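Remarks on the structure that follows.
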Amino acid sequence: MKTVKTLLMTFCLALAGCGMTDPWEQYEHQGDFTDRLLPSDTEKALCAADGWKMTYQNTDFYFQFSEDGNVVCNSSLFENESTVTYHLDWDDPMEVKVVIAGGGHLSYLSNNEFGETLIVTSVSDNELKCRPESSETEYTMTAVTESELLSAMDNKWAVKNTLTASAGWKFTYEGSDFYFQFSEDGNVTCNSNMPKAATSTTYSFSGSIEDMILTIVGGGHLSYLSEDVYEDSFKVKSHNASQIELTGVSTGAEIVMTAVTDQDIADLEIEKGAIFKIIEIEMYNGVIRSSDDKFLAHYALDTQTGNSIRFDILANRVLTHETVGITIDQNANVTFETPVTVAGESITGISFDIDAKTGTLNGVSGLKLTSNAGMANWVGSNGDNGFKTYVIIPRDGRGDLPDELMEELNAASQQGWYKWEISDRDRRPWICSPSDGNDNKYYTGFYGSTENSASDIVTDEIDRIKFSNMTGGMPLGGDTKNIAIVQGLFPKFLDAVFHEDGLYVILEGEK
C-alpha cells in the first residue's frame, strides 16, 4: 500500500508539472449531460469579444479577457484601469466559475456580493448570465466593441479632460476669487486674489459618472476661509469647455466655475503684487489724521482676503466701525465700493506710493494718512524695546475719554487714587497709583493674563491688543485689600480696558 500511494503522488506531481493550471481541463468532456456548460466554451466566448460590460449596483463594470490568463478591468468608478489574472473553475455541470484575482474594479464597492467570483450560468457570443456565489440573483454581461470601451472611458474622464484642457478655472466664493490650474498628473496649482502665494496640491474624483465628486486635497486657497464656509469637495452637476457647475458637499453652496486664460492668471499675479508691496512697506494699516495731526480714524486692509478695508472712526468721543469692499489695481490704487465718511469728508479710495512708502486719500483734502505698523507688537513685547510706561492722569486732560469714564476717574481721584498706567513691567500690568500722602493705599496692579509674557496680549487683529483673565496683584507689595477697593472705584474703567473686544494701539508722536 505504501508503494501504491507513493506512485499516485508521483503521478499527480507529474501532471502538475505539465502545466495543468485549470482542474476542469481533464474532466470537462466526461459525463452524459448534453446541455452542460463547458469551461472551455466559456473561456472561448470571454476571449472572443473585445470586452464585456456588466451593470451592478448602478455602476458599469468592464472586462477584457485574454487567452494568456489576464483580464483588464475598468468601470464607471473613478479608479484607474487595472490588469489582473483570472482562471476558471468548475464544480457544477451547469455552471462555470470565473475567478478574477482581487475582484478587479468590483473590489471598490463597499458591499460587493461577487467577491472575486462570477458564477456563469449561461453563455453565448454576445451575452452571458452570471450571479454571485452567495445569491441566486442573475446579472447580464453583454459583449462590447473596442470603440464602445474607448467611448465609455472618454465619458468617464471627460470632466478631467475638460479641466486640464483650459489654462485655468475661476470661481467666486465668499467674496474672493479662487483660481485652479489642473494638470493631467493629478496636481493642481491653487491661487486667489487673497494676498497669499500660490500653492500646489492634488485633486481626485470619486463616486461614479452619475454622481461625481471633485476633491481639492486640502482645499488650496479655500483653506484660508473660516471653518463654517470651508469647502474642498464638490459635486459636479454639469460641464462644458467654458463652464462647470458645482455644489459644495459640506456647505451645499452653488458654484459656477468658468474657464480663464493664461493672461488672466498673469494679470492676477500683477494685481496681487500690488497688495504684497503694500504689506511690505507696512501701509496696510494706519491712521487718518486732520491737518493738525488730530486722530480721526484707524484703517486696516483685510490681509487675509485682500477684498475689504475696515475703518474705526472716532467722532465726538464715539467710536464707530465700517467695512467696505475694495479693488486693488496693479499700481497699488485701492478703490472703495462705497465712499467712507471721515470728519465730514467722503473718501473714495487710497493711492499708495510704494517707493515713497506713503499713501494718499482720494476724494478729500485736508486729511492725511500715516502708518501704524507694528504698534500692537511693540506694546506686547518683553525686554527693552523702548516701550515706556503710559500714564493716564485725569487732571492732565480728558482727551477723547467718554464722559462716564472721566466722571469715574475724577471721583476716585478725590478718594486718593489719582493715576492709572500701563506699566513697562513684563506682562504689561495696569497699575492704579494712590496720591502722595494717602495712608494705607498701595500701588495695585491688574494683570491681563496668567502667563509670564507681554506677548499674550497681542491678537491676530491688526493693531489690537486684549487684556483678558484679569487678576489682581501687588507689583510693589502692600495689602491685597486694595484690589477690591480699586475694583469698587473703577468698575467701568476696568470693564473697558479688560473688555473682550480689546483695545486699539495708536501711535501718537514718537515711540
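The one condition from (1) in contact with a helix residue (DSSP H, G or I) (Cβ under 8 Å, 6 or more places away or on another chain); (2) in contact (Cβ under 8 Å) with a residue 40 or more places away in the chain that Leu367 does not meet is (1).
Among the residues making up region 224-265, those that are among the aromatic types (Phe, Trp, Tyr) and modelled with pLDDT of 95 or more are Tyr230, Phe234.
Only residues that are surrounded by 14 or more Cβ atoms within 10 Å (Cβ to Cβ) and in a loop (DSSP other than H, G, I, E, B) were counted in region 187-205, giving 5. Considered as a group, the residues in region 335-386 that are more than 35 Å from the chain's Cα centre (by Cα) and of a type in the set (D, E, K, R) include one that is nearest to Thr320 (Cα to Cα), and that residue is Glu345. Does region 336-350 include one or more residues that are in contact with a Phe, Trp or Tyr (Cβ under 9 Å, 6 or more places away or on another chain), surrounded by fewer than 18 Cβ atoms within 10 Å (Cβ to Cβ) and under 30 Å from Leu268 (Cβ atoms)? Among the residues of region 336-350, at least one is in contact with a Phe, Trp or Tyr (Cβ under 9 Å, 6 or more places away or on another chain), surrounded by fewer than 18 Cβ atoms within 10 Å (Cβ to Cβ) and under 30 Å from Leu268 (Cβ atoms), which makes the answer yes. Taken over region 220-253, residues that are in contact with a Leu (Cβ under 8 Å, 6 or more places away or on another chain) and of a type outside the set (A, V, I, L, M, F, W, C) amount to 6.
Restricting attention to region 159-185 and to residues that are small (Gly, Ala, Ser) and at pLDDT 95 or above, the residue that is surrounded by the fewest Cβ atoms within 10 Å (Cβ to Cβ) turns out to be Ala165. Quick check on my filter: what residues within region 239-257 are touching a Lys or Arg at 6+ places or on another chain (Cβ under 6 Å) and of a type in the set (S, T, N, Q)? Selection gives Thr247 alone. Checked against the criterion of being of a type in the set (D, E, K, R) and in a loop (DSSP other than H, G, I, E, B), the candidates Asp228, Asp177 yield just one match: Asp228.
Here is a list: Leu225, Leu246, Leu268. Which entry is among the aliphatic types (A, V, I, L, M), under 16 Å from the mean Cα position of the chain (by Cα) and crowded, with 18+ Cβ neighbours inside 10 Å? Testing whether each residue is among the aliphatic types (A, V, I, L, M), under 16 Å from the mean Cα position of the chain (by Cα) and crowded, with 18+ Cβ neighbours inside 10 Å leaves just Leu225.
Glu282 meets the conditions (1) modelled with pLDDT under 95; (2) surrounded by 14 or more Cβ atoms within 10 Å (Cβ to Cβ); (3) out of contact with any helix residue (DSSP H, G or I) (no Cβ under 6 Å at 6 or more places or on another chain) in every case but one. The failed one is (2). The residue that is farthest from the chain's Cα centre (by Cα), counting only those in region 70-98 that are of a type in the set (A, V, I, L, M) and surrounded by 15 or more Cβ atoms within 10 Å (Cβ to Cβ), is Val96. Selection within region 90-122: residues that are outside any loop (DSSP other than H, G, I, E, B) and among the acidic types (Asp, Glu). The member of this set that is nearest to Lys53 (Cα to Cα) is Glu95.
Pairs linking a residue in region 136-158 that is in the same structural domain as Gln64 (by TED's automatic domain parsing) to a residue that is assigned to a helix (DSSP H, G or I) and of a type in the set (A, V, I, L, M, F, W, C), with Cβ atoms under 8 Å and 6 or more positions apart or on different chains, are Val144/Ala152.
Asp125 satisfies every condition listed in (1) assigned to a loop (DSSP other than H, G, I, E, B); (2) modelled with pLDDT of 95 or more; (3) charged (D, E, K, R) except (2).
Report whether or not Lys388 is among the basic types (Lys, Arg), touching a residue at least 12 places away in the same chain (Cβ under 8 Å) and not in a strand (DSSP E or B). In short, yes. Annotation note: Cβ proximity below 9 Å between a residue of region 161-173 that is among the aromatic types (Phe, Trp, Tyr) and a residue that is in a helix (DSSP H, G or I) (sequence gap 6+ or interchain) occurs for Trp169/Leu163; Tyr173/Leu222. Scanning region 439-480 for residues that are of a type in the set (S, T, N, Q) and at pLDDT below 65 returns Ser449, Thr450, Asn452.
Within region 482-507, being in contact with a Lys or Arg (Cβ under 7 Å, 6 or more places away or on another chain) and closer than 26 Å to Asn440 by Cα holds for one residue alone: Asn482. Taking region 486-505 as the range and being touching a strand residue (DSSP E or B) at 6+ places or on another chain (Cβ under 9 Å) and either free of Cβ contacts under 8 Å to residues at least 24 places away in the same chain or exposed (fewer than 11 other Cβ atoms within 10 Å of the Cβ) (or both) as the test, the residues that pass are Gln487, Asp501. The residues of region 319-342 that are touching a Ser or Thr at 6+ places or on another chain (Cβ under 7 Å), among the hydrophobic types (A, V, I, L, M, F, W, C) and modelled with pLDDT of 95 or more, listed by number, are Val324, Phe336.
Scanning region 39-84 for residues that are in a loop (DSSP other than H, G, I, E, B) and either touching a His at 6+ places or on another chain (Cβ under 8 Å) or aromatic (Phe, Trp, Tyr) (or both) gives Gly69, Phe78, Glu79. Of everything listed in (1) touching a Lys or Arg at 6+ places or on another chain (Cβ under 9 Å); (2) more than 14 Å from Trp157 (Cβ to Cβ); (3) without any contact (Cβ under 8 Å) to a residue 40 or more places away in the chain, the single unmet condition for Phe182 is (2).
All conditions in (1) within 22 Å of Gly306 (Cα to Cα); (2) touching a residue at least 40 places away in the same chain (Cβ under 8 Å); (3) in contact with a helix residue (DSSP H, G or I) (Cβ under 8 Å, 6 or more places away or on another chain) hold for Tyr230, with the sole exception of (2).
The values are calculated or read from the model by the stated rules, or taken from the named source; none is laboratory data. The structure displayed is predicted, hence computed values, not measured ones. Because the Cβ atoms are built from the backbone with ideal geometry, glycine has one as well, and the counts that use them run over all protein chains shown.
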